[in-house]
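Below is one structure, written out as structure tokens; comments come after it.
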Amino acid sequence: MAMRTAFYEGTSSKSEPMTLYGGLHLIHNLLARCGDYIRALNDNTWYGSTVPFSRQQQQVHALVKARAGTSSLTGMIYHLRIGWKERGDREEDGWTRYGAEEIETVEQELARTDEDCVEIFSWFENCTVYDDRHESPFKIERTANDADWLMLLPKRHLMKWDILKRLEKLSDERGGESCTLVIADIQSYEAGTYHAAISDSGFGVKERWPAAFQRIVLATNRLTFAFVDYETKGIGRHGFSATKHPGAFKSGLPPFRSLPDLSVRSLVIHWIKWLDSIRLWRTIDEWPGLFIAERITWCENSAGGPSEIGGYLNFPKTAHNNLCMSLYRNALSRIFGLYDESSHELIPLDRLALPVVQEVYEKDVLDPPNAGVEIAEIAVGSVLVSGATLHASGLAQRSVHLLVHPDSQLRGKKTALFHWFAPCPADLPVSTKKRVGRTAAIAPEGWLSFEVPRYQSTPDEPTADPKPIGARTPGDTYSDLQSTSPVIAKFGHWCYEGHHDFLTFNIDDAVRDAFLRKGPLARFLCTNVLAHLGVPASSVREEYLKLIDSTEMAPAGIIVYRSHPSSDRIIRRVLDVLDGNGRKLAETWIFPVQPLRTRWGSNRHPWRGCAVITAAAHALGKLLALGASVGTRSHPPSDQTEV
């Protein structure tokens, strides 16, 4: 209770605190960025937990009095583990990395089509998988009794004790059957923790669980591998060997006729890709509007690619889904297991892939390229169809795509991080939707657009001072931009989307700082966004209730906003304050708009702007123009209006 009060709720012991939250609350929030650890002593008992405090069971240890007469410690004493992200998968500890001569082989494996992998998919379905990486754990039960392989994808920031307890639980669930365990997608900066927990470990025979794993294969998210074997340690003890370099060992692999040269490392890569593809497409199937199961006119001239495509994935909308974005980011981060992140740079081919690339650099890149180093570029695409954008970029020789459409002529030739497991019937109806120009968007019969005003002024009052739609006046905004904590405006040479700028505005940092401090900006965003969506206060997680000014929510409305990596992250930060049900309700009524082309003003109304946008918002605008009430929502938006 003392830890929760001091670190989590930020309660100060001062009668008149100078700040809203105590200093320990800020320490908790700072440590939470890297998943560090806090241990506190209170009433002669140590209480420990990783931060943020999300584990259901924390470590509790009573203070041991070694000698008689030792006096009790009074008050609260705390220890902080302050760490930083640095790769721990060192070769001297038994980890094997892919060499430059092996990269092409891995790329060819990732380019295999679904038809090439039918045999290995069938084998995967006979194995059990535990995916603990995301908020909602996911499990695939084996369908055959003779399956002797098991894969675990652990959540981040586990301690050694957590790892061993998780393995013991796996052993109990299997009922003592001996198997090969693959622990995959370990964060590379946490590889040292797994090495310390498992390598050359020994346990008493009363702990039976180690005998359940004849071999444990460790694989990081940077595609480094190691393994340990079960062994006896003398009388009354058993455990695991020191970590070994796997190389291309094939011990225990079944004979795959379609993939005769498959190694364990390639098997793990295929297995993770298969699992992530299943999770991605199940999520797409659960949420309306993410996939359109129709035949879409794509190229009027078939020489430029397929004239029609069977099914359309609304990639921008999937990128706004929390789980889909997490899957995209994890998959793209693994590319740095083939290419050194300090000398290679990911270049998004279009605006669709840009948010994913930025998420990777913000959360997963440990050693970004530095000035003065020769940097090789890797093109990153969203969904590969015709390949026109790829060839126009000049980076066709070195590229990776999140998905390759099954109707693409480049299928099986280009690297894809996900399989196309679309929930698509055999006979697709022909759609009236067509590709908009040469963009990735579709709309009824092609081009559709309408203007989006940025100010509240109307054409009937051309001389009136325009009133910003936002809450801050220009004077307030200039004061914000001159703030030193956080620094929002910076001078320098900034290159973004092909433009060179002298001044940059880091709005994302300001929002991140506001949520860490639970400041006015965070309170403004949460109160206005959540209240407008009609999300009940009961859906707000307890630690964020202070960000809601009132528990009385307004009539339910909708939100349409201009999609951009920064605005997308801001929306996700706001939705992070909700529980699972509240988040799902809110995301149903949020419409990100991906502009195809923008014009920032006009001669008649210089305070207004316009954007060519997709059919979803166009249909929504027509409903509003016809007088539809956003305060009396009765059903989710129709799939037919989504693009």
Exercise for review: Only one of these is at pLDDT below 85, among the small types (Gly, Ala, Ser) and not assigned by the TED database to the domain that holds residue 216: 234, 252, 304. Name it.
Suggested key: 304
Check your understanding: When segment 313-333 is examined, which residues are found to be surrounded by fewer than 22 Cβ atoms within 10 Å (Cβ to Cβ) and charged (D, E, K, R)?
Key -> 329
Check your understanding: What pairs can you find where one residue is in segment 329-352 and farther than 17 Å from residue 397 by Cα and of a type outside the set (S, T, N, Q), the other is open to solvent by less than 30 Å² (accessible area, probe 1.4 Å) and in a strand (DSSP E or B), and their Cβ atoms are less than 6 Å apart, with a gap of 6+ or different chains?
Key -> 352/382
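Being at pLDDT below 90 and at negative phi is the filter here; which residues of segment 150-161 pass it?
Across segment 150-161, the qualifying residues are 156, 158, 159, 160, 161.
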Exercise for review: Quickly run through segment 186-205 and pick out the residues that are closer than 17 Å to residue 151 by Cβ and open to solvent by 10 Å² or more (accessible area, probe 1.4 Å).
Suggested key: 187
Exercise for review: Name, by its number, the condition in (1) farther than 16 Å from residue 419 by Cα; (2) buried (at least 22 other Cβ atoms within 10 Å of the Cβ); (3) without any contact (Cβ under 8 Å) to a residue 60 or more places away in the chain that does not hold for residue 309.
Suggested key: (3)
**Study point:** Residues satisfying the stated conditions in segment 536-550, i.e. in contact with a strand residue (DSSP E or B) (Cβ under 9 Å, 6 or more places away or on another chain) and under 16 Å from residue 580 (Cβ atoms)
**Key:** 539, 540, 541, 544
Revision key, fill the gap. Over segment 568-586, the set of residues more than 16 Å from the chain's Cα centre (by Cα) and open to solvent by less than 30 Å² (accessible area, probe 1.4 Å) is 577, 578, 582, 586
**Study point:** Positions within segment 397-440 being touching a Ser or Thr at 6+ places or on another chain (Cβ under 6 Å) and open to solvent by less than 10 Å² (accessible area, probe 1.4 Å), in sequence order
**Key:** 400, 402, 418, 419
Point to revise | Qualifying helices (runs of 4 or more DSSP H) (wholly inside segment 291-396; at least 1 residues being in contact with a Gly (Cβ under 7 Å, 6 or more places away or on another chain)) | key: 315-319, 388-393
Review point. Pairs, please: C-beta under 6 Å, at least 6 apart or cross-chain, first residue without any contact (Cβ under 8 Å) to a residue 40 or more places away in the chain and in segment 379-402, second β-branched (Val, Ile, Thr)?
Key: 379/347; 384/404; 398/378
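Residues are listed down the side, and each one gets a yes or a no for (1) more than 18 Å from the chain's Cα centre (by Cα); (2) at pLDDT 90 or above:
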{"residue": "363", "(1), (2)": "no, no"}
{"residue": "380", "(1), (2)": "no, yes"}
{"residue": "387", "(1), (2)": "yes, no"}
{"residue": "415", "(1), (2)": "yes, yes"}
{"residue": "430", "(1), (2)": "yes, no"}
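The values are calculated or read from the model by the stated rules, or taken from the named source; none is laboratory data. Just so it is clear, the model here is predicted, and its values are computed rather than measured. Glycine also receives a Cβ, built like all others from the backbone with ideal geometry; neighbour counts cover every protein chain displayed. We work out accessible area using only protein heavy atoms, side chains counted, and drop any ligands, DNA or RNA first. Shrake-Rupley method; radii C 1.70, N 1.55, O 1.52, S 1.80 Å.
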